[in-house]
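Below: one structure, written as structure tokens.
The values are calculated or read from the model by the stated rules, or taken from the named source; none is laboratory data. The model shown is predicted, which means the values in this text are computed figures rather than measured ones. For neighbour counting, all protein chains shown are included, and Cβ atoms are generated from backbone atoms with ideal geometry for every residue, glycine included. Heavy atoms of the whole protein, side chains included, go into the accessibility calculation; ligands, DNA and RNA do not. Shrake-Rupley method; radii C 1.70, N 1.55, O 1.52, S 1.80 Å.
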Amino acid sequence: MKKIVTIIMVLSLMVLAACSMDSGLTDDKKEKKDSMKDVKVGVSISTLNNPFFVSLKDGIEKEAKEKGMKVTVVDAQDDTAKQISGIEDLILQKVDVLLVNPTDSAAISSAVKDANDAGIPVITIDRSSDEGDIETFIASDNVAGGEMAAEYLVKELGEKAKVVELEGVSGASATRERGKGFHNIADKQLEVLTSQTAEFDRTKGLNVMENILQGNKDIQAVFAHNDEMALGAIEAIKAAGKDIIVVGFDGNDDALKAVENGELKATIAQQPALIGEEAVNAAEKILKGDKVDDTISVPLKLVTKE
């Protein structure tokens, strides 16, 4: 009889211990913060060699500072392996929330899942992640922006105008979405001579455009998925002595100056600093246990000289 009582007591203690451990883990994962003071925000940016993402970073840091949050930024330098490694470091540092601007939306999924496993909420900015649990995705409406660019070219040049598309980084959600929006209109109302990637890079935009100009003599316009490629394309067009209008996407400072002086015909302007601010505001709500929308859109606008 004593043996039976002893066994029951031991089993009871084991169950209680298990429940206690279980409960503690759940509390950790769902811990809510009443104050943002000393909250650690980990930020992974695809590249800081691009004015748009510098403005995005600045918007994050400014808003976080006002809220008393501490920010650690890692620059992936457009290298997916480097970005994944940087995110792993942020996880080891036990950041409270992770803001990720992916280099590649598919490849970043494993790092997002690692953050999920560590109980760290993830917010994606400007580009999304194909897999993993994301609290919210904050960006401009890239599909609408691509449509705006195509509609502007139809308005300026008429239907069946011959255009070239410079695409962003293959695998990036922004590339897919801007391209989709552009082709929603262009495939019906324009003649797209070629679509080639220049990976969101100004120098590559110049080099790719040089090659395209050699094989296509009747180009009337270029739509570039970002301003950096657009500005590179303009240099190639000027060197070739061609009269071709160029439309970019982002609205960075260099692009706005180029619109003002008539070199860049138009840009679909985002507000990167505002995207950064919205990311920090969403992080605050999430850490306080409040609900946020799955997607938060920041307004776009067409900027021309007129």
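In region 87-103, which residue that is buried (at least 23 other Cβ atoms within 10 Å of the Cβ) and not β-branched (Val, Ile, Thr) is nearest to the chain's Cα centre (by Cα)?
It comes out as 101.
For residue 144, indicate whether it is in contact with a helix residue (DSSP H, G or I) (Cβ under 9 Å, 6 or more places away or on another chain), part of a helix (DSSP H, G or I) and surrounded by 18 or more Cβ atoms within 10 Å (Cβ to Cβ). Give the steps one after another, and end with the answer.
On the way: in contact with a helix residue (DSSP H, G or I) (Cβ under 9 Å, 6 or more places away or on another chain): yes; part of a helix (DSSP H, G or I): yes; surrounded by 18 or more Cβ atoms within 10 Å (Cβ to Cβ): no.
Against the criterion (in contact with a helix residue (DSSP H, G or I) (Cβ under 9 Å, 6 or more places away or on another chain), part of a helix (DSSP H, G or I) and surrounded by 18 or more Cβ atoms within 10 Å (Cβ to Cβ)), residue 144 does not qualify.
Taking the residues in region 259-306 that are free of Cβ contacts under 8 Å to residues at least 60 places away in the same chain and part of a loop (DSSP other than H, G, I, E, B) as candidates, determine which candidate is surrounded by the fewest Cβ atoms within 10 Å (Cβ to Cβ).
Checked region 259-306; the qualifying residue surrounded by the fewest Cβ atoms within 10 Å (Cβ to Cβ) is 306.
Which members of region 240-258 meet the condition of being under 16 Å from residue 55 (Cα atoms) and assigned to a loop (DSSP other than H, G, I, E, B)?
251, 252
Among residues belonging to region 239-253 that are farther than 21 Å from residue 210 by Cα and acidic (Asp, Glu), point out the one that is surrounded by the fewest Cβ atoms within 10 Å (Cβ to Cβ).
Here is the first cut: in region 239-253, the residues farther than 21 Å from residue 210 by Cα are 250-253.
Of the ones still in play, those that are also acidic (Asp, Glu) are 250, 253.
Working: 250: 31, 253: 12.
Selected residue: 253.
Within the set of pairs 6 or more residues apart or between chains, which connect a residue that is touching a residue at least 12 places away in the same chain (Cβ under 8 Å) inside region 129-140 to a residue that is open to solvent by 10 Å² or more (accessible area, probe 1.4 Å) and among the aliphatic types (A, V, I, L, M) with Cβ atoms less than 6 Å apart?
130/106; 135/286; 136/292; 136/296; 138/296; 140/300
Could you identify the single residue in 188, 162 that is without any contact (Cβ under 8 Å) to a residue 12 or more places away in the chain and either of a type outside the set (Gly, Ala, Ser) or buried (at least 20 other Cβ atoms within 10 Å of the Cβ) (or both)?
Numbers: 162 fails: without any contact (Cβ under 8 Å) to a residue 12 or more places away in the chain.
Going through 188, 162 in turn, the sole match is 188.
Name, by its number, the condition in (1) open to solvent by 70 Å² or more (accessible area, probe 1.4 Å); (2) at pLDDT 50 or above that does not hold for residue 43.
(1)
Can you pull out the residues in region 62-86 that are touching a residue at least 24 places away in the same chain (Cβ under 8 Å), assigned to a helix (DSSP H, G or I) and surrounded by fewer than 20 Cβ atoms within 10 Å (Cβ to Cβ)?
Taking region 62-86 first, the residues touching a residue at least 24 places away in the same chain (Cβ under 8 Å) are 62-64, 67-80, 83-84, 86.
Checking which are assigned to a helix (DSSP H, G or I) leaves us with 62-64, 67, 80, 83-84, 86.
Correct list: 62, 67, 80.
Looking at 94, 155, 113, 82 in this structure, which one is charged (D, E, K, R) and in contact with an Asp or Glu (Cβ under 8 Å, 6 or more places away or on another chain)?
113
Select from region 219-233 the residues that are part of a helix (DSSP H, G or I), open to solvent by less than 10 Å² (accessible area, probe 1.4 Å) and of a type in the set (A, V, I, L, M) and list them in ascending order.
At the first step, the residues of region 219-233 found to be part of a helix (DSSP H, G or I) are 227-233.
Going one step further and asking which of them are open to solvent by less than 10 Å² (accessible area, probe 1.4 Å), we end up with 227, 229-230, 232-233.
Passing the criteria: 229, 230, 233.
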